[in-house]
Structure formats: C-alpha cells, structure tokens
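The values are calculated or read from the model by the stated rules, or taken from the named source; none is laboratory data. It should be emphasised that the depicted structure is a prediction, and the values quoted were computed from it without experimental measurement. So basically every Cβ, Gly included, is an ideal-geometry build from the backbone, and we count neighbours across all protein chains shown.
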Amino acid sequence: MTALLVFAPAAVAAFLAAYLVGSIPSAYIIVRVVSGEDVTTHGSGNAGAMNVRRTTGSWGWFAVAMVADVLKGVVPVAVTKLLALGTLTTPVGVWIAAAEGDGLTGGLIVMAAVAGAVLGHNYSVWMALLKRHFGRTGKGLATGAGTLLAYDWRYFVAVVVIGLTTIAITRYMMAGQVVASFTLPIAALVLRSPDWLFALGMGLVVYGAHHKRFVGMLRGQEPKLYIHDRGGPRG
C-alpha cells in the first residue's frame, strides 16, 4: 500500500513532465524562425524533422530539428531514470529483472516518462494552444528513439539499424518507420526483457500514427524517399 502511494503520484508527475517537454513544437519553432512559415501547412502536415526539410529545403535545419526532437525524448527519460533508479546506463528491463519490488516500481515510473514524451510529441498541448485545436502533431519516431536511448540503448540500436536498413533497401521512408516500430517489441522478446509488453504498447502507438500512410504505401500512393514539398500524402 505504501509503495502504491509513492508510485502513483511519482508516475503521474513523470508522465506530465515528460509530456510537457515532448510537446515542445521544435519543428514549428524552427520553421517559424527560419522562414516565417507554418510547418504544418507543408508536406505531410506534421510538426517533425522531415517536414522541416520539406518546408525549408535544408538538410541542415532537418538535422537541427531531428536533434531537438531526439532530445525531447532523451532529457525527460534520462532525468526520470536517474531519479527513480539512480542509473543512466543500466537498461530498465535489466534493472527490473535483477531487482525486486523497488526495481519494478522505479521501472514503471520511467515507463511513464517514455509514454509521456512520445504522446507529447504526437499530441502537443503547446500546438493545441497555438492552433486552438487539439489533434495529432507528430508521429513519435525521433522523440521515441530519444526515449529509447535513455531507456535502453539496446532498443535504440535495434530500431535505428533495422529502420535505416529497411529504408535503404526499399527506398520508402514509410516502410522503415513502420518496421522500426515493430522492431521494438521484437527486440524486447529476443532479449527476453520483462518489459516486452510495454515495448509492444509503445510500438503500437508509433505504428498507429503511421497507419494511414502505411496503408497508402501498400496501395501505391506513397512516393519513394518523400523528402520534397510537392503535394505528397498528408497525415
């Protein structure tokens, strides 16, 4: 009972703090500063790094936006992990498997931070205030990768390597993004990590944001290497 009283508010606080950080519309801010335009009116309509490239035509600003989105995931999860588990390097699943009650409680708090950061990027409260409309603003891939880097570096490596390899082979960015989302739970199962169910849930969250255009790709409606702002699919 005591553990529950400590866990519940800590998990809620971790989720909310990570959500607010993940909600920072870095892509929107960058494009506004650089060109004065609204990134959501271009390309896919998302406030993400690739849409910064489509809007500005610059790989440099794409890189800046990508780093910013990754940091939105790394920072809140790393801080939460340090406070809850006292470590930055040990994968959360390894910690849970090696520890008992306190290890599980701390691990669940870090999971709450991961979920908060990804959902914050995907459904930004700051963008809702700017647009006066609450809806999906991102797909959670770069920010999700950032959370994995802090949460479990092994997951990060698996997702990035498999995702980029898929893009290189198929020439479809969408294919790499979807494969990356399913690589996460598969990696957890291969590593026999006790957090595999959480990995599956987060993978489904990211896939859900890609579902519409993934189906479009299967129907031949997704352009290969969709990097230019020229009337590609929205969503």
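Residues of the range 131-149 being part of a helix (DSSP H, G or I) and within 12 Å of the chain's Cα centre (by Cα), which ones?
Selection gives Leu141, Ala142, Thr143, Gly144, Ala145, Gly146, Thr147, Leu148, Leu149.
Restricting to the range 42-61, count the residues that are at positive phi and surrounded by 21 or more Cβ atoms within 10 Å (Cβ to Cβ).
The total comes to 1.
Quick check on my filter: what residues within the range 81-93 are among the β-branched types (Val, Ile, Thr) and either exposed (fewer than 15 other Cβ atoms within 10 Å of the Cβ) or not in a helix (DSSP H, G or I) (or both)?
Hits for the range 81-93 are Thr87, Thr89, Thr90.
Looking only at the range 197-209, decide whether some residue is part of a helix (DSSP H, G or I) and over 26 Å from Phe15 (Cα atoms).
no
Does Val64 meet the test of being modelled with pLDDT of 95 or more and either touching a helix residue (DSSP H, G or I) at 6+ places or on another chain (Cβ under 9 Å) or surrounded by fewer than 24 Cβ atoms within 10 Å (Cβ to Cβ) (or both)?
yes
Name the residue, out of Leu189, Leu184, Leu200, that is free of Cβ contacts under 8 Å to residues at least 24 places away in the same chain, closer than 30 Å to Gly93 by Cβ and either within 14 Å of the chain's Cα centre (by Cα) or surrounded by 14 or more Cβ atoms within 10 Å (Cβ to Cβ) (or both).
Leu200
Of everything in the range 203-215, what is over 14 Å from the mean Cα position of the chain (by Cα) and in contact (Cβ under 8 Å) with a residue 40 or more places away in the chain? Give them in sequence order.
Answer for the range 203-215, where residues must be over 14 Å from the mean Cα position of the chain (by Cα) and in contact (Cβ under 8 Å) with a residue 40 or more places away in the chain: Arg213, Phe214.
Which of the residues belonging to the range 176-235 are at pLDDT below 85 and among the acidic types (Asp, Glu)?
Glu222, Asp229 - these are the residues of the range 176-235 that are at pLDDT below 85 and among the acidic types (Asp, Glu).
Considering every residue within the range 61-79, establish whether at least one is of a type in the set (Asp, Glu), assigned to a helix (DSSP H, G or I) and out of contact with any Gly (no Cβ under 6 Å at 6 or more places or on another chain).
Yes, there is a match, as at least one residue in the range 61-79 is of a type in the set (Asp, Glu), assigned to a helix (DSSP H, G or I) and out of contact with any Gly (no Cβ under 6 Å at 6 or more places or on another chain).
All but one of (1) part of a helix (DSSP H, G or I); (2) modelled with pLDDT under 95; (3) over 27 Å from Tyr28 (Cα atoms) hold for Trp126; which doesn't?
(3)
Evaluate the following for Tyr19: is it within 20 Å of Leu141 (Cα to Cα), touching an Asp or Glu at 6+ places or on another chain (Cβ under 8 Å) and assigned to a helix (DSSP H, G or I)?
So Tyr19 fails the test.
Looking at Ile109, Ile162, Ile96 in this structure, which one is surrounded by fewer than 19 Cβ atoms within 10 Å (Cβ to Cβ) and in a helix (DSSP H, G or I)?
Residue meeting the stated conditions: Ile162.
Filter the range 22-60 down to residues that are outside any helix (DSSP H, G or I) and of a type outside the set (Gly, Ala, Ser) and give me whichever is farthest from Leu129 (Cα to Cα).
His42
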